[in-house]
Amino acid sequence: MKLLMVDDEIFALKGILDSVDWSVLAFEEVLTATSYGQAVNLFRQQEIAILLCDVEMPMGNGLELVEWVNRNSPDTECIILSCHDEFDIVKQAVSLRCMDYVLKPVDPAELAGLLLKAKEKYAKTKEQTLYVDYGKRYMEGLGRQDGAPSETDHAGKDAVEETAEYIKSHIDEKLSVEELARNVYVSPDHLSRLFKKRFNKTLVDYITDERMTLAAELLKHSSFSVSMISAKVGYPNYAYFTRKFKEVYGLPPRDYQKEYRE
């Protein structure tokens, strides 16, 4: 992971560089910039995990930089380090989803702890992104295998395809027939009938099958714990996930994983 520190005062940057124990934080690289423009150029050249920036700087302030980062590097964790404690500035930083707003001068140990927290948060965000990408690639490779004729109603076919894609990309979330129907502007009954016609299964069963198939793949090929996989495929209740998985595969998740790996 890379950290970018932005402050128009070079001595302020040097003070942080000299006082923080960087060996504990283990950043891949610690970059510095003294202006909005320099910071943007660095973001365009490489992936920045954490941004630590002052509010005041030439040619664009720190809050404007955070706003740019939110649009162009949304996974980056942003921390404001400033000598200003005005309510309006703090409020704006909060509205921009800054992870924290710290007043200068900051204790080096406190800053190190904050940066460690930012690293953990960034890692979790990237893990979730990688998981979603993995799930999409895997599901796309499965194919529908339904063999059913195409829908003659073009709008209906679009509704089914859009709903199937939505389910794949939101598999870890709570999914209801009503919400899915609203997303494609049809009634819940109509959407259910379309799924039954195309896949020969109810929409609820389709969701369950997608979740169970992905769970089986993650059990076989990922390093996630069973409880993590349960949450990642949309079952926050571990006991319920275990019961549903056993209904489909005949074994509890742990036994299934052990048998496959042996």
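Throughout, read-outs are computed from the coordinates displayed, never taken from laboratory work. Everything numeric in this text was worked out from a predicted model, so none of it was measured.
Classify the stretch 143-261: rounded, prolate or oblate, from the alpha-carbon gyration tensor (a ≥ b ≥ c, eigenvalue square roots; a/c under 1.5 rounded; otherwise prolate if a/b is larger than b/c)? The shape class here is prolate.
Listed cross-link partners 124/220; 197/220; 126/201; 121/244; 201/258; 168/246 are compared with a 28 Å cut-off, the Cα-Cα value being larger for 197/220; 126/201; 121/244; 201/258.
The Rg/Rh ratio for the chain, using Cα coordinates for both the radius of gyration and the Kirkwood hydrodynamic radius, is 1.11. Taking every Cα-Cα distance in the stretch 2-126 and sorting them into 10 Å bins from zero, the calculated P(r) comes out as 13, 51, 34, 2 percent. In the chain, the calculated helix contribution to ellipticity at 222 nm averages -19000 deg cm²/dmol per residue, counting -39,500 (n - 2.57) for every DSSP H run with n ≥ 4. For the chain, a Gaussian network of Cα nodes joined below 10 Å ranks 241, 43, 11 by mean-square fluctuation, and the top entry is 11.
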